[in-house]
Each structure stands twice: as C-alpha cells, then as structure tokens.
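The values are calculated or read from the model by the stated rules, or taken from the named source; none is laboratory data. No experiment lies behind these values; they were computed from the predicted model shown. Cβ coordinates were reconstructed from backbone atoms using ideal geometry, including for glycine residues, and neighbour counts include every protein chain displayed. With ligands, DNA and RNA removed, areas are computed over all heavy atoms of the protein, side chains included. Shrake-Rupley method; radii C 1.70, N 1.55, O 1.52, S 1.80 Å.
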Amino acid sequence: MKVCTDACILGAWFSHKIPQDGMVLDIGAGTGLLMMMLAQRSQSGIHGFEIDPAAYAQCQDNIGQNDWQERLTVFHGDARDFQSPFKYDFIISNPPFFESDLHSASDQEKIAKHSTHLTLEELIRVMDTNLKPDGSFGILLPYHRWEYFDQLARRQNFSLKEQLVVKQSPKHTPFRSILHYTRAKVHFATTHHLTIQEIDRVYTPEFVEMLKDYYLYL
C-alpha cells in the first residue's frame, strides 16, 4: 500500500517527542508505518488499532519483519469500541479526515480517507478515554480542518502545545497541519513551519533533515 509524504512527516516529527520508555497507541494504524517509525527512536511499547482487514493484515506482516517486532502489537476492530485496560503515555493518529469532501470510489478508500467510520468527535473521545492524565497526543489534519478540531479538543480539556504547518512549496498555501495536544494548560502554542520542496522541486534542507533517517534517497 502507498506511503504518503505527510504521514512520514507526522511520524518523523513526533519520533523525538514520544516517551522513551512508555506505551504508545496508533489509532488507524494502516500498514504500520507510524508504529515502525516511532519504534526506531524509543524503547516504548507501541500498539496499533486498525479497522480495515486488508490494512490490518498488511500491518501484521510489516511489523513482524523488523528489529522492533517484540514491542509492536496491532489489534483489529473499531476504535470506537476500544478501551484499553491501561492508559497510554502518547497517542498518534493519521485519521480518515475528509468529512466534507468528495468521497472515494471504493469502500476501502472511503474507510481510509473519509470519516464515515470514525468522526473527529469520536476520535477525540477515544483519545480522552485511553490517554494518561499526563499524556499527550498528536494528529495529522488538512490545514483547513485544524481550527475545527482545536475547538473539539478544547471541549475535552486538551490544550494545543505546538503545531507544524506544512506547505508543498513556497508558492503553495498550507495543506496539512500536525497538532500536539496535552491536558496541561498551555496559553500560547508554538507554531513551526515546514516546506517540502523548493520551487525547482528539490527537497528543502528542512525536509531532508527531518526525513533523512527514514528515506533511502533524498
């Protein structure tokens, strides 16, 4: 299955921010990309949750073929029904987020790209239920959706700690927002910016620095 650049940015940005020895949950684990990226930078146990049978099977296969497989576990099912017997230190999610946009042709694409199975309101409740009181979570969203999600998060008593605004090139407007939330009160969130490519389509130095440990060729 395809690996998206923005998902790689999500994993790389949080790889330095997760607990070094705790428990991490990936909601909507897909093929296990984020689980494996985070496992490279910590000794934490990492769980994934995936509803799509094909993605779940691919995830199982992928996480069983690396040096961190003893710390990686994926569960199959609907995240809305998931309530862990213990709480997580960090939760990450690249959710199905195109609620208002044109739906994809196939049912599998609909599950992966659209929140017909998991709305943002439901996602924030799942995070709230399974996160430690002093835990934090990270999420990738379309840039035009981040303020709406921020309102949902604040209603659940989360505070935005920092934001990464992502642009394709200097001439493009932002298209993704990566958000880091905590339950601790934060009055002023830190905003970072990342541009993926220069105008001549060469990767920017900032992008290369962030992804150099994960991409074979940059």
Original post:
Quick one: length gained pulling F86 to L218 fully straight, 0.36 nm per residue minus the C-alpha distance?
Top reply: 43.5 nm
Subject >> Filtered trypsin sites (Lys or Arg not before Pro), the stretch 1-88: DSSP coil and at most 14 other beta carbons within 10 Å >> reply: K2
Original post:
For a paramagnetic label modelled at 7 Å from the Cα of I199 toward its Cβ, which residues of the stretch 162-190 fall within the zone defined by backbone nitrogen distances under 19 Å?
Top reply: 167-174
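Given +1 on the Cβ of Lys and Arg, -1 on the Cβ of Asp and Glu, and no further charges, what dipole in debye does the chain carry about its Cα centre, rounded to the nearest 20?
Numbers: 21 positive and 27 negative charges, 114 e Å.
Around 540 debye, computed over the chain.
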Original post:
Under the classification rounded if a/c is under 1.5, otherwise prolate if a/b is larger than b/c and oblate if not, where does the stretch 11-70 fall, given a ≥ b ≥ c as square roots of the Cα gyration tensor eigenvalues?
Top reply: prolate
Original post:
Roughly how many percent of the accessible protein surface of the stretch 6-67 is carbon and sulfur, given a 1.4 Å probe and a whole-percent answer?
Top reply: 46
Original post:
Taking only protein heavy atoms and a 1.4 Å probe, what accessible area per residue, in Å², does the chain have with all protein chains in place?
Top reply: 51
**OP:** Exposed loop chymotrypsin sites (Phe, Trp or Tyr not before Pro) only (DSSP loop, at most 13 other Cβ atoms within 10 Å): please give the longest stretch of the chain free of them, not including the sites.
**Re:** 87-187
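Would you work out what percent of the accessible area of the stretch 108-218, with all protein chains in place, is carbon or sulfur (probe 1.4 Å)? Spell out each step's value before the answer.
Values: 3130 of 6160 Å².
That fraction is 51 percent.
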Original post:
So what J values fall out for the stretch 195-210 if you push phi through Karplus, 6.51 cos²θ - 1.76 cosθ + 1.60 with θ = phi - 60°, rounded to Hz, Gly and Pro as x?
Top reply: 10, 6, 10, 6, 4, 7, 6, 8, 4, 6, x, 5, 5, 4, 4, 5
Original post:
Rounded to the nearest 0.05, what FRET efficiency is calculated for D128 and K171 with R0 set to 45 Å and r the Cβ-Cβ distance?
Top reply: 0.70
**OP:** Scan the stretch 113-172 for trypsin sites (Lys or Arg not before Pro) in coil per DSSP, keeping those whose Cβ has at most 13 other Cβ atoms within 10 Å, and list them by number.
**Re:** K171
